[in-house]
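The values are calculated or read from the model by the stated rules, or taken from the named source; none is laboratory data. As the structure is a computational prediction, the values presented were derived from the model and not from experiment. Heads up, the Cβs are rebuilt from the backbone with ideal geometry, glycines too, and the neighbour counts pull from every protein chain shown.
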Amino acid sequence: MADSSQVVVDIEVLECEVCGPSEGSFGCKRPGDSLEGTIYVSAASVLEFTALEVSFKGLQSTLVQGYRMPNNAIIAYPPYRYPPVLTKATDLFLDVKYQAPLHSIGIRDQVGRLRVYSFPFSFVLPRGTEYPDQEKPQQCQVLPPSMNTSQSLRAASPSSFSVTYMLDATVRYRAEHSGDGAELRSAKATQIIDYLPYTDVFPPTPTDSVPDEFVLDATTLMSKYALGSRLGSLEITTREPLPLAYSSYSPTASTECILSVTARSLAMEIQRLGALSLEIQAGIRVKTFFSTEPIICLPKQTFLTQTACIRLHDEVINLGREKYTQLQWEYSASRGNDKPPAYADAVRNDSFSTTSTLSRSSVLGLWAHDSAVLSNNNSDGAWNVTVHIPIKPLTNLLPTFCSSLVARSYSVILRVRLAGVHAKKVDLEVPLQVVYLQSFQVAIATESGHCAGPDALLAQQEVLPAYSV
């Protein structure tokens, strides 16, 4: 609500079956939803309006702390003797305006001494924007979700980042019968709108191009004791799991990370594998990149050492610790290990609605060859077992996205410890996509029209004009 010379503007957003929030909306406005309502203008005197404007805006804001060197260059992590410098950046990445016709304004019954005017507005929320040069990745062409995580940053850090959507209503007026030469005045109001996009499943992350970003496999040596004789080696491998996919059918999401374990051991020591167990600590790493300069591609951690304008806010969601016992091993005469299926193959053959079948005891029931194989095993063979690790966060996560100043990505981190033999712990990290899928029924519902019926529908093709940052 805003007040200008005793003129008050208020925004009322209509709620109904189409306008939401509906089941599966997660309490937010979604692409294709109708954002409708009424603007009310209260005044003690009779007004003559000259302009009625409503805007739906998206604003990104970042604040980054750096340090100024003697040559005036700004660096990210200097010695403490350099003075700190705060750099702020904003990007109005969405600004759709509706100029209401003056004849659409109506007069409600007076409330006390106030005369109340009103006029309707309506927007259809877009999915994203198009870039004429198509240089930006597809993930960067979807409107980002609402977010404001400055409160989660360390108290000692002044850095912050936010993505905010808002309705702005501005009216311009003068006193009735004051003449064309009378001074024009304006009053406005702003209302915050929570927005959550639908996102698609994108190809797997090319981990080969970012070798220092992820760890998909590791090898550790096994021995009887800390300084005991060597028993062999253990190779642990994983791959990018299926996306963590939310949809209108379920307010929660889950997937699983497949861990392939290959043991190579001397024949006389193979019997020790029966006593081997795994303890796996799993978590989801939440990486939020924010910058004071435009992000032109999906950010990587190596960017942090290449420029002083980008920062990384890091969080870890603990998924708990599981102990996997009674492992049953499958013997393979080949040298290769039994790697998990590639991400692309899994996408083709499996559904996104993956549900883990493991209980808390996590007892695996794979097959093993008879004891004759144990005694006849040679050094060229290997023993394999596959572990399915459930990934099911208790809180809803924002989708993976990148935008002009803020980007969000995820990874699964695994710490593997062995019991029954002495071996160093193994730490793995694999990419994870978080997506919000649009169901077929929701897609049809978005075409069913709007609630109140004003003629101010905008962005009906779910695509906005191109813009540059």
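What to note about this one:
- Residues (surrounded by 18 or more Cβ atoms within 10 Å (Cβ to Cβ) and closer than 24 Å to Phe93 by Cα) located in the range 384-409: Leu398, Pro399, Thr400, Phe401, Cys402, Ser403, Ser404, Leu405, Val406, Ala407, Arg408, Ser409
- Residue match in the range 247-258 (condition: among the hydroxyl-bearing types (Ser, Thr, Tyr), surrounded by fewer than 16 Cβ atoms within 10 Å (Cβ to Cβ) and outside any loop (DSSP other than H, G, I, E, B)): yes
- Filter pass, Gly336 being at pLDDT 90 or above and either more than 27 Å from Val434 (Cα to Cα) or out of contact with any strand residue (DSSP E or B) (no Cβ under 6 Å at 6 or more places or on another chain) (or both): no
- Reported count of residues in the range 429-444, each being modelled with pLDDT under 85 and crowded, with 16+ Cβ neighbours inside 10 Å, is 2.
- Listed by position, the strands (runs of 3 or more DSSP E) enclosed by the range 1-50 that each have at least 3 residues that are modelled with pLDDT of 85 or more and outside the structural domain of Pro251 (by TED's automatic domain parsing) are 7-13, 34-43.
- Selected residue (only one of His450, His422 is touching a Cys at 6+ places or on another chain (Cβ under 9 Å) and at pLDDT below 90): His450
- Where Tyr195 falls short, out of the listed (1) out of contact with any helix residue (DSSP H, G or I) (no Cβ under 9 Å at 6 or more places or on another chain); (2) modelled with pLDDT under 90: (2)
- Unmet criterion (only one of (1) modelled with pLDDT under 85; (2) surrounded by fewer than 17 Cβ atoms within 10 Å (Cβ to Cβ); (3) part of a loop (DSSP other than H, G, I, E, B)) for Val373: (3)
- Single unsatisfied condition, Pro211 versus (1) in a strand (DSSP E or B); (2) loosely packed, with under 13 Cβ neighbours inside 10 Å: (1)
- When each of Phe214, Phe290, Phe202 is tested for being closer than 25 Å to Pro145 by Cβ, within 25 Å of the chain's Cα centre (by Cα) and not assigned by TED's automatic domain parsing to the domain that holds His422, the lone residue that passes is Phe202.
- Whichever residue in the range 156-184 is charged (D, E, K, R) and at pLDDT below 90 and, among such residues, is nearest to the chain's Cα centre (by Cα): Arg174
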